[in-house]
1. Roughly what % of DSSP beta bridges within the stretch 1-150 run antiparallel, to the nearest 5?
2. How do 69, 142 line up, fewest other C-beta atoms within 10 Å first?
3. Once the piece of chain linking residue 42 and residue 276 is laid out straight, how much longer is it, given 0.36 nm per residue of separation minus the C-alpha distance between them?
4. Can you give me the distance in nm between label points at residue 67 and residue 14, each placed 7 Å from the Cα along the Cα-to-Cβ direction?
5. Taking every pair of alpha-carbon atoms in the chain, give the share separated by more than 36 Å as a whole percent.
6. I need the Kirkwood Rh of the stretch 189-317: take the reciprocal of the average 1/r across all distinct C-alpha pairs and report it in angstrom.
7. List every residue whose amide H lies under 5 Å from the amide H of residue 287, counting only residues 5 or more places away in sequence or on a different chain, with H placed 1.01 Å from N in the peptide plane.
8. Identify, among 22, 82, 10, the residue whose Cα sits farthest towards the positive end of the charge dipole of the stretch 2-94, taking +1 on the Cβ of Lys and Arg and -1 on the Cβ of Asp and Glu, with the dipole about the Cα centre.
Amino acid sequence: MLKLDIKKAITEIKKKKAKTVVLQIPEGLKTKTTELIERIETQTKAKVITVMDPLWGACDLAEEEMKLFKADLLIHVGHTKFYDTKIKVIYIPLEYTIKEINTDKLERILKNNKIKSVGLACAVQFHNTMKLIEKELKKKKFKVFIEKGGSKSFVSGQVLGCDQTAVKKIEKKIDGIVFVGDGLFHPLGITINSEKKVFAFNPLNREIKDFEKEKELYVRKRYGAIAKAKNAESFGILMSRKRGQFQKEIALNTKKLLEKKGFKAFLFSMDLIKAEYLMGINIDCFIDTACPRITEDNLNDKPILNLKELNEMLELK
Ligand code: SF4
């Protein structure tokens, strides 16, 4: 069961005597929106304004809305702190309350792959579950390593699609990595940034996925995009205005680099980067300077490269 504890938010709203609060809820929890608003509004004197734009990470705090609505507090559900801001934010983490977990299948897989030293990583909602798995694996004499990466407010083992520091820190000590969580985005991020074997353990359906095949598929797709981009003469550099994804200097330098090499390069700014907004733009290739999900999701029929891939493509040329 997914635990959503808003006590901290209620206490802060009361303490601050907040009149207006802005609420941000991740996509998977939107069905709980009205229930959450009612809980806050009946237990406090605050009015809640909920931002309904899609929310994928704490890189996207509703700072503009806070100013516009002259709000006293931002309640951000589902993610941990990503960057410093002057606005007052209460982060409400989500946690699956899983009491016990059977790791027999996982142990068999690890043994079959000759993995004795295991690095554990997780999506923040599965931190407690990862700790249960750690206990079980240690009982079976595996060496287990978990590190805290990313920002100070991350929990141990926590990774994001754009931040695998927790894994990088332990990579030299381990034979393989087990990611605990659902979805493909986070373990794919680990896989493409690590030489080690990665298994994703989804505690919700007990599935264990070997990411070797995903990595092969990903690499093939990315080489395809690089090959397609080799013929490009015009480039659209995508910039997101979300503060945690905003990379103005990098985008400007990329434009300079491309122009120096004789290409046409254009800067395109958006809040949410979406394929529909780029339809009809006369560009041969896009460059992603924002969230890695944009490259991995493939925006449209035009190739889209991240900055590392752009450099590889330029070297090939
Ligand atoms: S930039 Fe992308 S991967 Fe990183 S926190 Fe934001 S949404 Fe998640």
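No lab work stands behind these numbers, since they all come straight from the coordinates. All figures in this text were calculated on a predicted structure; none of them were measured in a lab. Heads up, the Cβs are rebuilt from the backbone with ideal geometry, glycines too, and the neighbour counts pull from every protein chain shown.
1. 15
2. So the ranking, lowest neighbour count to highest, is 69, 142.
3. Details: separation 234, 0.36 × 234 = 84.24 nm, distance 3.97 nm.
My answer for the length gained is 80.3 nm.
4. In this crude spin-label approximation the distance works out to 3.3 nm.
5. Cα-Cα pairs of the chain separated by over 36 Å account for 28 percent.
6. Across the stretch 189-317, the inverse of the average 1/r is 15.8 Å.
7. 236, 237, 238, 305
8. 10
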